[in-house]
Amino acid sequence: MGYIKKEVNRKVGKAIHQFGLLNQGDSIMVAVSGGTDSLAMLHFLAKWQKKAPIDFHLIPVYLEMGFNKATCWPLLKAVFEKLNLPYYMEETSIGLYAHSDENRGKSPCFICAWRRRKRLFELTQILGCNKIALGHTLDDVIETFFLNMCYSGEMSTMLPRQVMFNGLVTIIRPLTLVEKSALQRLSPLLGITSCANLCPSAKVSKRSHIRKTLGFIYNQDKKIKGNIAKAIFNIRKEYLP
């Protein structure tokens with residue numbers, strides 16, 4: 001288990017250096033959902049904050065979407081206080097609105113994600129942050145690539161570093177090179193207790209369908225997942241129309 005911790009930390013460090021995720025004086029909003037991925041990201045960023053040769057600030061932010069305040073709110077508050085970090089928590093009805101009759105026939109996942117992201121952007125101005133750290137893993141990058149290809153007709157995915165609003169805010173994804181399974185195995189060692197995902201669309205979304213399909217493909221050959229990841233970062237433009 002100690003090896004996994006070192007390997008994940010190495011991949012986080014590689015992403016930080018390769019994609020230029022951290023800079024002197026950054027004030028980084030760490031968007032925490034309550035899941036294993038975002039909590040692991042917060043853990044590793046807090047470790048890098050102590051040993052990096054630059055100074056940057058972390059502000060964990062949790063937006064309660066309307067499903068799980070009773071258990072998730074106190075759990076995350078305890079995590080933030082244990083790390084001795086300033087934090088911000090806000091109760092919203094974004095998830096409930098996305099699943100309301102008003103949006104019947106529309107994708108609740110799209111509405112929920114769009115409104116959550118919009119609120120995070122607004123909070124960067126209120127909290128004085130210039131970056132937002134999102135806990136997307138290598139699996140999310142691959143899934144998004146196939147989601148966009150299958151359902152949007154385009155070849156695109158999540159970027160490790162994405163500048164928004166003419167440089168006003170930059171999105172960073174420190175877990176871009178880390179597999180979700182590694183974080184799941186590592187969470188007990190890190191003392192991470194994640195919140196249950198009570199969203200009614202969690203297991204019936206397009207992403208969950210893509211995830212199941214990719215899982216079937218991965219089972220055919222253990223090299224496939226790594227090759228897909230390598231391909232995403234190794235685009236041969238001369239062989240694309």
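Taken together, the values in this text are just the output of simple stated rules run on the coordinates, not laboratory data. This structure is a prediction, so every number in the text was calculated from the model and none was measured. Cβ coordinates were reconstructed from backbone atoms using ideal geometry, including for glycine residues, and neighbour counts include every protein chain displayed.
Tell me which lysines have Cα within less than 26 Å of K223's Cα, excluding those fewer than 8 residues away on the same chain?
Of all the lysines, those that pass the test against K223 - Cα under 26 Å, at least 8 places apart if same chain - are K5, K6, K11, K14, K180, K206, K212, K237.
Taking K82 as the anchor, which lysines have their alpha carbon closer than 19 Å to its alpha carbon, excluding any fewer than eight residues away along the same chain?
Qualifying lysines at Cα under 19 Å: K47, K50, K51.
Taking a ≥ b ≥ c as the square roots of the eigenvalues of the Cα gyration tensor of the stretch 45-138, is the shape rounded (a/c under 1.5), prolate (a/b larger than b/c) or oblate?
Judged from the Cα gyration tensor, the stretch 45-138 comes out prolate (a/c at least 1.5, a/b above b/c).
Taking the DSSP beta bridges in the chain as the whole, what percent of them are antiparallel, to the nearest 5?
20
Rounded to a whole number, what is D in µm²/s for the stretch 91-210 from Stokes-Einstein with the Kirkwood radius over alpha-carbon pairs (25 °C, 0.890 mPa s)?
It comes out at roughly 150 µm²/s.
Any idea which of M29, L39, P241 is furthest toward the positive side of the dipole for the chain, if Lys and Arg beta-carbons carry +1 and Asp and Glu beta-carbons -1?
Of the candidates, P241 comes out farthest on the positive side.
Strictly under 4.7 angstrom between C-beta atoms: which cysteines of the chain have no such partner?
C109, C112, C129, C150, C199, each lacking another Cys Cβ under 4.7 Å.
Take the alpha carbon atoms of the stretch 163-241, find their center, do the same for the stretch 110-144, and report the distance between the two centers in whole angstrom.
Comparing the Cα centres of the stretch 163-241 and the stretch 110-144, I get a distance of 15 Å.
Would you calculate the separation in nanometres between label points at N234 and K50, each defined as 7 Å from the Cα along the Cα-to-beta-carbon direction?
Between N234 and K50, the label points sit 3.7 nm apart.
Taking only DSSP H segments of four or more residues, each worth -39500 (n - 2.57), what value at 222 nm results for the chain once the sum is divided by all its residues, to the nearest 500 deg cm²/dmol?
Details: 9 runs with 115 residues, N = 241.
The helix contribution divided over the chain gives -15000 deg cm²/dmol.
Assign one of three labels to the stretch 1-42, namely rounded, prolate or oblate, based on the Cα gyration tensor with a ≥ b ≥ c the square roots of its eigenvalues; rounded applies when a/c is under 1.5, prolate when it is not and a/b is larger than b/c, and oblate otherwise.
Taking the square roots of the gyration eigenvalues as a ≥ b ≥ c, the stretch 1-42 is oblate.
With +1 on the Cβ of every Lys and Arg and -1 on the Cβ of every Asp and Glu, and nothing else charged, how large is the dipole of the chain about its Cα centre, in debye rounded to the nearest 20?
Values: 34 positive and 18 negative charges, 143 e Å.
Roughly 680 debye, rounded to the nearest 20.
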